1. If amide H atoms are built 1.01 Å from N in the plane of the peptide, which residues on other chains or at least 5 residues away come under 5 Å of the amide H of GLY5?
2. With the dipole of the chain worked out from charges on the C-beta (+1 for Lys and Arg, -1 for Asp and Glu) around the Cα centre, which of GLY37, LEU268, ALA111 lies farthest toward the positive end?
3. Would you mind working out the magnitude of the charge dipole of the stretch 191-314 relative to its Cα centre, with +1 at each Lys and Arg C-beta and -1 at each Asp and Glu C-beta, to the nearest 20 Debye?
4. Can you list residues whose amide H is under 5 Å from VAL53's amide H, if they're 5+ apart or on another chain and H is modeled 1.01 Å from N?
5. Rounded to two decimals, what is Rg over Rh for the stretch 70-135 when you use alpha-carbon atoms and the Kirkwood radius?
6. Just to compare against my own numbers: the Cα pair-distance distribution for the stretch 1-210, 10 Å bins, whole % per bin, please.
7. Of the peptides 19-28, 37-46, 59-68, how do they stack up when ordered by the mean number of other Cβ atoms within 10 Å, highest first?
8. Provide the packing ranking of 183-192, 210-219, i.e. peptides ordered by the mean count of other C-beta atoms within 10 Å per residue, highest first.
Amino acid sequence: MRLGGAARYVFEIEKYEDIVEAHRFAKEKGLAVFVLGEGANVIGRDEGYEGVVMVNRMRGVEVEEGVVRAMGGEVFDDLVRVSVEYGLSGIEALTSIPGTVGAGPVQNVGAYGQEFGDVIRVIRAYDFKTGESVELTREECGFGYRRSIFNYGVDMGRYFIYEVEIELAQATELAPPFYTSLQRYVDENGVVDFSPASIRRMVAEIRAEKLPDPAVEASAGSFFKNVIVDAAEEERLKSLGAPVFDEADRRVVPSGWLIEHSGLKGELIHGMRVSGKAALILINESAKSYEDLAAAREEIRRVVREKFGVSLEQEPVEMV
């Protein structure tokens, strides 16, 4: 988002020993730590960060009989690319998601019917509480919709994820009908090839069309989570014209649809532009401070709440 003040200390982590050293440094000075990947889903505060920022630069991907091991600092899309090159299915729809492998489990990234948490076998992490390396199974990670123990609850911020091991299938698992935009692409282009490589190619084209490149435009990508609804809420929102979809065994209403149909698509609000291509995206066009972003966020939430009676939840995490 190109917002926020300076960090007091920054350590670039290239090997496990660097984690230990950075943590020792932080403990000696009585400072908090914040683990950072590429920062694609992170918001900085105006006051900066007074602790130790640990930037994960640990790289490498290995594949053996459907099991893929990737270091936490590896680019997430490179993990998807390598998996598809081996003909493996399970994360092909997660292509073009910015960030690192280590960040993937934190938010349990998902798209087009796939979630990263579903394919994870084990996570290897440094435990800031005990000062030791630990292995966490999928069940121990507490994966839910855009959440895990890493970003929610008492263990939030406790771990530095340095390696992720996933297990993928040697066959295409996705089949139509797909999520709206993907199904539209399939129908408009007469696609009949649903192999991992084909799914990855289609998703990459769709995302390139509607999502800004964070390296070019100041954006944290999807700014609000989709709204999870129960049966009663689903019927009420359907009566207002809202679409409802299955997303990882949940019924959700797309937040982008709610924002667009609240009349906010393309609007400039406190320096933040609601994308004219995808209303779920906020682009920092002229905002100068975190307070500008916060004001825009609350204005969008207020308008949607008054129009549809639901509250939007922010997706990017904040450095506090």
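1. ARG45, ASP46, GLU47, GLY48
2. Among GLY37, LEU268, ALA111, the one farthest towards the positive end of the dipole of the chain is LEU268.
3. It comes to approximately 100 debye.
4. TYR9, VAL10, PHE11, PHE34
5. 1.00
6. 8, 33, 33, 18, 7, 1, 0
7. With the highest mean Cβ count within 10 Å placed first, the list reads 37-46, 19-28, 59-68.
8. 210-219, 183-192
Every read-out reported here was derived from the displayed coordinates using simple, explicitly stated rules and does not represent laboratory data. If you're wondering where the values come from, they're calculated on a predicted model, not measured in any experiment. Glycine gets a Cβ as well: all are built from the backbone with ideal geometry, and neighbour counts include every protein chain shown.
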